[in-house]
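Peer 1: Dropping the structure in here first, questions after.
The values are calculated or read from the model by the stated rules, or taken from the named source; none is laboratory data. Remember, predicted model here, so these are calculated numbers, not experimental data. Neighbour counts are summed over all protein chains in view; Cβ atoms, including those assigned to glycine, are modelled from backbone coordinates with ideal geometry. Remember, those area values only see protein heavy atoms, side chains included, never the ligands or the DNA or RNA. Shrake-Rupley method; radii C 1.70, N 1.55, O 1.52, S 1.80 Å.
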Amino acid sequence: MKITDIACYPLWGGIRNYTIVVVDTDEGLYGLGEAGLTSRELAEVGAIEHLKPLLIGQDATRIEHLWQMLSRGGFFPHGKVLGSVISAIDIALWDLRGKALGVPVYDLLGGRVRDKVVCYPHIGGRAEAGDWSLIEAAQHKVAEGWKFVRWGLAEEGDLLEPGQAIRRGIREWRAMREALGEEVELCYDLHTRLSPADAILFCREVAPYRPFFIEDPIRSESPQAYHLLRSKIDVPLAAGEQFASKWEFRELIDHDLIDYARIDLCISGGFTEAKKIAGWCEGHYIDIAVHNPLGPVSTAACVHFNLAIPNMGVQEQARLPGDLFSDVVHSDLTFEEGYINAGGAPGLGLTLDREALGAYAFRMTELPHLRRADGSFTNW
């Protein structure tokens, strides 16, 4: 089964673009992948065009070989942009392999270890006199059957002042736990927005409300800084969504600095690299909480991955299956009572309507930029 073409489609999803990749073969089968790193889609398109001549004519079943060639073939190891493209190609190749053999991807990964995948949704709002929208949003999700909810450190417009945001966040934690009780799991995303000192302060204050995890408390560029966090706080920590390979996870895993690895299959290298990271984590009693704020291919990939790994914690699920590009990508995923399941169709259980792609033409956009009160740039 030889690769005959690779196409890249950055699709406008109403707020930002989502990058779908299609790998075609001489047997008439195609595989679907998705690239992460939203807001740099044109760089991903350029990377696909650069790699295309290397891949056309290659045996699509040599997935590990192609991964190594794409990652290391330019001598300089891949970074975030190239890692996102490699991830999309890798996911598409696994999808192709499943279709060719007539089995779902989770079978290729070793078969099901669970019947369904528990997920958490995104919520937002406030929790203060006159505006209890955060509590109402959480209660609505719980009424729908979700077992988890997740929200995060809030900005005011484009302004993020750590002290103000921390105080608001602590008030929200108190209100959320009182309103929802002990049975609902609460996840919270600091989104790399705090310094180690501020993160330590925040985590100590919310510890009594039993977080399932606190995500990305500090910037990811220096994993060594997690040694300080780990020595000062005792809440579960989750990190890794910005990492593009197993090597970037190494410090956090080897030194047991996190409790949940936030693998993004669409940045970290697809199934080929993610299963290695998950196995490494299993030896350190670290569970996997995949990063999945993306589109339908990412969701399907995450479900198949989580059905097959023993150390799955929870799956991020920003939207229900079918809520985005449902006329372009058709899926066999189902959602019920806070869980997602795969229907057992070959590959990822996805089909593509190429004629519908034109309705979602790429639009130049940028993720939000935040500032401090003095006008300086700070992480979104």
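Peer 1: With 307, 357, 348 as the choices, which residue is under 28 Å from residue 39 (Cα atoms), touching a residue at least 12 places away in the same chain (Cβ under 8 Å) and in contact with a helix residue (DSSP H, G or I) (Cβ under 6 Å, 6 or more places away or on another chain)?
Peer 2: So the residue among 307, 357, 348 that is under 28 Å from residue 39 (Cα atoms), touching a residue at least 12 places away in the same chain (Cβ under 8 Å) and in contact with a helix residue (DSSP H, G or I) (Cβ under 6 Å, 6 or more places away or on another chain) is 348.
Peer 1: In region 99-106, is there at least one residue being under 15 Å from residue 21 (Cβ atoms), in contact (Cβ under 8 Å) with a residue 40 or more places away in the chain and either surrounded by fewer than 21 Cβ atoms within 10 Å (Cβ to Cβ) or in contact with a Phe, Trp or Tyr (Cβ under 9 Å, 6 or more places away or on another chain) (or both)?
Peer 2: Within region 99-106, not a single residue is under 15 Å from residue 21 (Cβ atoms), in contact (Cβ under 8 Å) with a residue 40 or more places away in the chain and either surrounded by fewer than 21 Cβ atoms within 10 Å (Cβ to Cβ) or in contact with a Phe, Trp or Tyr (Cβ under 9 Å, 6 or more places away or on another chain) (or both).
Peer 1: Further question on the same structure: Counting only residues that are surrounded by fewer than 22 Cβ atoms within 10 Å (Cβ to Cβ), give me the strands (runs of 3 or more DSSP E) lying completely in region 182-298 with at least 1 of them.
Peer 2: Counting at least 1 such residues, we get 185-189.
Peer 1: Kindly establish whether residue 112 is assigned to a helix (DSSP H, G or I), under 30 Å from residue 68 (Cβ atoms) and among the charged types (D, E, K, R).
Peer 2: no
Peer 1: Same structure, new question: For region 26-49, which positions are open to solvent by 10 Å² or more (accessible area, probe 1.4 Å) and of a type outside the set (Gly, Ala, Ser)?
Peer 2: Of everything in region 26-49, those that are open to solvent by 10 Å² or more (accessible area, probe 1.4 Å) and of a type outside the set (Gly, Ala, Ser) turn out to be 26, 27, 29, 30, 37, 38, 40, 42, 45, 49.
Peer 1: A further question on this structure: Given (1) touching a residue at least 24 places away in the same chain (Cβ under 8 Å); (2) within 29 Å of residue 144 (Cβ to Cβ), where does residue 178 come up short, assuming only one miss?
Peer 2: For residue 178, the exception is condition (1).
Peer 1: Could you list, in sequence order, all residues of region 50-72 that are outside any helix (DSSP H, G or I) and either open to solvent by less than 60 Å² (accessible area, probe 1.4 Å) or among the hydroxyl-bearing types (Ser, Thr, Tyr) (or both)?
Peer 2: Across region 50-72, the qualifying residues are 57, 58, 59, 60, 61.
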